[in-house]
Amino acid sequence: MWQVYIKELIELLRDKKTLFFIVALPMVIFPVLFGLMGFLGAKAAVSEQEKVIRYLLVNESAAPEFASNLFYHNDFKPVKLKLETEAEIIEAIKANKLDLVIVLNKDFKTQFDNSETSVWKAYFNGANLIGGIKFKMQNALAKFNEDLQLQIFTNMGFDQAQFAAFKKPVDIEQFDTADERESFGEKIGGLIPYILIPLCLTGAMYPAIDLGAGEKERGTIETLLLTPISRFSLVIGKFLCITTTAVMTALITIFSMVFWSFIVGQLLDVKVVSEILGSVGILDYGLIVLLLIPVSAIFAATLLAISIYASSYKEAQNYMGPLSILVIFPVIVGMTPGVSLNLTWSLVPIANVSLAIKELLKGTIDYSLLIPIFASTGFFALISILFCVHWFNKESVLFR
């Protein structure tokens, strides 16, 4: 068994494709990819915030104070267009002639004097996720509304202090009992298993294809079966080799995340990142790795069984494709708001590991729940291994 394990592992490590998925992908490509995504996202957000909104007011004479506020606002720039119908307004925005059109109610002054709410219409493209146009418009309108409210209360004999008290009779001074680690873990803790667990699957997938369907395609499966090694030892040796590559992928990914987070924290002088990562103890990092071992074992056994059944590389890849999608669903549980680790969730494979990693990063895990997590995940891993051994002993599968 160990001879098979060492032989297969050495051969895999000689394969450039395997090394790419085990080492290069988690160590270099993913950090660069996520860093680039973060940079572009931040750049887009800054660009949206700095964007000057081209606007048009229809019936602006109804509220000259509001028109004046927008005209002298740094975030807004007036555009001279003649738009009379709603269709013309929508078409102008779609043609990128302007960004915002606000149609004021002609009877605003009369409605204000009669203590009635005046309804205005705003047209803009709200497809942007950042929503800079809507945010800036609401801020400008909120300031105008506040000025009107102050005017009403001043006419009624109230001063600014009384107006402020009336506007906000109760103010709350907030004290967050969650430390930085817990807040950090809650926000991105669900994302970490979303990266780690699929990477374990990827780290097991290509070695599994090579050690199963690859043997068939190369015509070496018959030679392997003639060696004085039991089929059980052959399967377990291959299984351990695939599990090792999956765990290695996870280990390198964890190291890469910690390493690059420290580097980014130091370069950008964001000490909080280094402090939070430093607050996660060696025990917790070790438990994260241990949690990934039975998950990797499930993937290794399942993928090896699929690979043994397939007659070629291409067929094996076709069978394994849907598995990549199925794995995502239980992993997403860790990212679902309001879902926390309990006894019920600790018995659900993959989802339990996803939630446990999130709780470990937050520092709020109930360590007693690790027992059912390891027990349930280990049980499913054992079932997968036994099925794989049974599958390997069927001549109809090996020589199909």
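The values are calculated or read from the model by the stated rules, or taken from the named source; none is laboratory data. Quantities reported herein were computed from a predicted structural model and do not represent experimental measurements. Methodologically, a virtual Cβ is constructed for each residue, glycine included, from the backbone with ideal geometry; neighbour enumeration extends over all protein chains shown.
Yes/no matrix, rows are residues, columns are (1) in contact with an Asp or Glu (Cβ under 8 Å, 6 or more places away or on another chain); (2) of a type in the set (A, V, I, L, M, F, W, C); (3) at negative phi:
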{"residue": "Glu186", "(1), (2), (3)": "no, no, yes"}
{"residue": "Ile192", "(1), (2), (3)": "no, yes, yes"}
{"residue": "Leu196", "(1), (2), (3)": "no, yes, yes"}
{"residue": "Leu201", "(1), (2), (3)": "no, yes, yes"}
{"residue": "Ala208", "(1), (2), (3)": "no, yes, yes"}
{"residue": "Leu211", "(1), (2), (3)": "yes, yes, yes"}
{"residue": "Glu217", "(1), (2), (3)": "no, no, yes"}
{"residue": "Leu224", "(1), (2), (3)": "yes, yes, yes"}
{"residue": "Pro228", "(1), (2), (3)": "no, no, yes"}
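Within segment 309-320, can one find any residue that is at pLDDT 90 or above and not polar (S, T, N, Q)?
Initially, segment 309-320 is screened for residues at pLDDT 90 or above, giving none.
No, the conditions are met nowhere in segment 309-320.
Just checking, does segment 340-351 include any residue being more than 26 Å from Tyr309 (Cβ to Cβ) and within 16 Å of the chain's Cα centre (by Cα)? Show your work before the answer.
Filtering segment 340-351 for residues more than 26 Å from Tyr309 (Cβ to Cβ) gives 340-348, 351.
Add one more test, that the residue is within 16 Å of the chain's Cα centre (by Cα), and what stays is 351.
Checked segment 340-351: at least one residue is more than 26 Å from Tyr309 (Cβ to Cβ) and within 16 Å of the chain's Cα centre (by Cα).
Whether any residue in segment 348-367 is without any contact (Cβ under 8 Å) to a residue 40 or more places away in the chain, surrounded by fewer than 23 Cβ atoms within 10 Å (Cβ to Cβ) and polar (S, T, N, Q) is what I want to check.
There is no residue in segment 348-367 that is without any contact (Cβ under 8 Å) to a residue 40 or more places away in the chain, surrounded by fewer than 23 Cβ atoms within 10 Å (Cβ to Cβ) and polar (S, T, N, Q).
Matching residues to (1) in contact (Cβ under 8 Å) with a residue 12 or more places away in the chain; (2) surrounded by fewer than 19 Cβ atoms within 10 Å (Cβ to Cβ); (3) in the same structural domain as Leu386 (by TED's automatic domain parsing); (4) not aromatic (Phe, Trp, Tyr):
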{"position": "Glu186", "(1), (2), (3), (4)": "yes, yes, yes, yes"}
{"position": "Gly189", "(1), (2), (3), (4)": "yes, no, yes, yes"}
{"position": "Tyr206", "(1), (2), (3), (4)": "yes, no, yes, no"}
{"position": "Arg218", "(1), (2), (3), (4)": "no, yes, yes, yes"}
{"position": "Gly237", "(1), (2), (3), (4)": "yes, no, yes, yes"}
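Among the residues of segment 110-120, is there at least one that is closer than 16 Å to Ala62 by Cα, among the hydrophobic types (A, V, I, L, M, F, W, C), assigned by TED's automatic domain parsing to the domain that holds Val58 and in contact with a Leu (Cβ under 9 Å, 6 or more places away or on another chain)?
Scanning segment 110-120, I find at least one residue that is closer than 16 Å to Ala62 by Cα, among the hydrophobic types (A, V, I, L, M, F, W, C), assigned by TED's automatic domain parsing to the domain that holds Val58 and in contact with a Leu (Cβ under 9 Å, 6 or more places away or on another chain), so the answer is yes.
Among the residues of segment 170-184, what is the count of those that are outside any helix (DSSP H, G or I) and either at pLDDT 80 or above or aromatic (Phe, Trp, Tyr) (or both)?
So the count comes out to 6.
Would you pick out the residues in segment 141-192 that are aliphatic (A, V, I, L, M) and under 30 Å from Gly363 (Cβ atoms)? I'd like the intermediate steps shown before the answer.
Of all residues in segment 141-192, those aliphatic (A, V, I, L, M) come to 141-142, 148, 150, 152, 156, 161, 164-165, 170, 172, 178, 188, 191-192.
Scanning segment 141-192 gives Ile172, Ala178, Ile188, Leu191, Ile192.
Name the single residue that is modelled with the lowest pLDDT among those in segment 97-142 being of a type in the set (S, T, N, Q) and farther than 30 Å from Lys43 by Cβ. Step through it out loud before you land on a result.
Step one: filter segment 97-142 for residues of a type in the set (S, T, N, Q), giving 105, 110-111, 114-115, 117-118, 125, 128, 138-139.
Checking the rest, the ones that are also farther than 30 Å from Lys43 by Cβ come to 105, 110-111, 114-115, 117-118.
Values: Asn105: 92, Thr110: 91, Gln111: 90, Asn114: 86, Ser115: 83, Thr117: 89, Ser118: 91.
If we take residues in segment 97-142 being of a type in the set (S, T, N, Q) and farther than 30 Å from Lys43 by Cβ, then Ser115 is modelled with the lowest pLDDT.
For Lys167, are the conditions met, namely being surrounded by 10 or more Cβ atoms within 10 Å (Cβ to Cβ), among the basic types (Lys, Arg) and modelled with pLDDT under 85?
Yes: the conditions hold for Lys167.
Need a quick list: helices (runs of 4 or more DSSP H) entirely within segment 51-137 having at least 3 residues that are over 23 Å from Ile152 (Cβ atoms).
Output list reads 86-94.
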